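Everything on this sheet refers to the single structure shown next.
None of the figures in this text is laboratory data; all of them are computed from the coordinates on show. Predicted model, so just to flag it, every value in this text is computed and none were measured. Positions of Cβ are backbone-derived with ideal geometry, glycine not excepted, and every protein chain shown enters the neighbour counts.
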Amino acid sequence: MAVIDYPLYPISSSALEMPAPLFCTPGGMLFNGDCLPFLQAMRAETVQCVFADPPFNLGKTYNGYEDKQSEAAYFAWCAAWIGECCRVLAPGGALFIYALPRLAYRFAALLDNQLEFRHWIALTMKGTYPRGNKLYPAHYALLYFTKGTPRVFNHLRTPIPTCRHCGGELKDYGGHRDRLHPDGLNLTDFWEDTSPNRHKKTKARPGVNELKPLIPARAIQIATQPGDIICDPFGGGGSTYQEAEHAHRRWLGCEIGDCAPIQQRMQPHIVPEITPAVAEMLRHVFGR
Ligand SMILES: C[S@@+](CC[C@H](N)C(=O)[O-])C[C@H]1O[C@@H](n2cnc3c(N)ncnc32)[C@H](O)[C@@H]1O
């Protein structure tokens with residue numbers, strides 16, 4: 001087991017305020033503020049899945065958030081929120097963290113003490129360029145860990161790949177095509193259909209570094225069932241919340257910056273009153 005000795009995160013929980021609730025949908029609630037006090041306010045072992053797509057400390061422009069600190073400060077902060085994510089995860093629950101491989105191997109080492117490794121899912125990344133004397137970076141990592149034996153593991157299938165020009169199938173499956181499942185191929189730990197939308201002109205929400213919704217959608221489908229609670233502490237453009245809502249899961253979200261992009265995305269679902277399903281979730285998770 002790896003023993004990681006990062007310095008303690010310097011800000012005590014009492015110095016940070018619990019974020020304010022912003023809006024509610026039939027299945028979830030978004031909070032606007034820092035995810036650390038948000039996670040710290042949660043009771044232990046109350047959510048079935050955490051999906052986290054944190055900032056990568058690359059100096060990117062986020063709405064209202066400074067994405068550049070010293071490496072030591074960044075990893076100390078990551079150790080703090082990762083520790084909280086592990087604490088709030090229910091037994092058998094799943095934690096997914098999306099990251100660059102350079103960060104993911106360090107996150108995985110932190111998780112190794114606390115959860116069980118399931119997969120390092122490689123997601124192809126297009127449109128990058130090689131830097132200096134390094135290999136061409138061609139994938140992101142989606143870490144998948146569970147708290148003990150997974151409570152839910154749903155087998156997913158993907159469509160049989162076809163040529164986008166002629167529509168013909170790309171492989172012959174060694175003469176065993178007739179034995180393939182009619183719903184497609186077993187999902188592997190190598191995802192080629194999830195490249196992010198990079199071009200500014202075609203980005204749904206300019207200024208937001210959002211994932212293709214297929215990524216959180218798959219994580220949710222793999223590791224949860226309807227009614228389960230999914231927490232995403234880094235809202236961004238709200239792709240996790242949208243997919244959780246569509247899949248009839250409950251969700252708790254947090255975003256430190258401008259929440260307008262999330263609000264815009266979730267607008268069709270926003271309700272004026274807390275629903276019984278959300279009220280029950282708040283009682284269960286926050287004890288109130
Ligand atoms: C990479 S984006 C997440 C994108 C999201 N997965 C999506 O697909 O829309 C990371 C987000 O985390 C937010 N963030 C950074 N630090 C935070 C903190 N301490 N608490 C809550 N949110 C934070 C940033 O403002 C940014 O919107």
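The figures follow:
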| quantity | calculated |
| --- | --- |
| Kirkwood hydrodynamic radius (C-alpha pairs) into Stokes-Einstein, the chain, 10 °C and 1.306 mPa s, D in µm²/s | 79 |
| Convex hull per residue volume in Å³, alpha carbons only, for segment 103-203 | 196 |
| Value of [θ]222 nm, deg cm²/dmol, for the chain, DSSP H segments ≥ 4, -39500 (n - 2.57) each, nearest 500 | -7500 deg cm²/dmol |
| Cleavage-rule hits (GluC sites (Glu not before Pro)) in segment 254-288: DSSP loop, at most 11 neighbouring Cβ within 10 angstrom | E273 |
| Number of Lys pairs (Cα under 27 Å; 8 or more positions apart or on different chains) in the chain | 26 |
| Pairwise centroid distance, computed over Cα atoms, of segment 18-70 with segment 219-288, Å | 11 |
| Rounded to whole Å, sorted largest first: equivalent-ellipsoid semi-axes of segment 118-168, Cα gyration tensor | 28, 24, 5 |
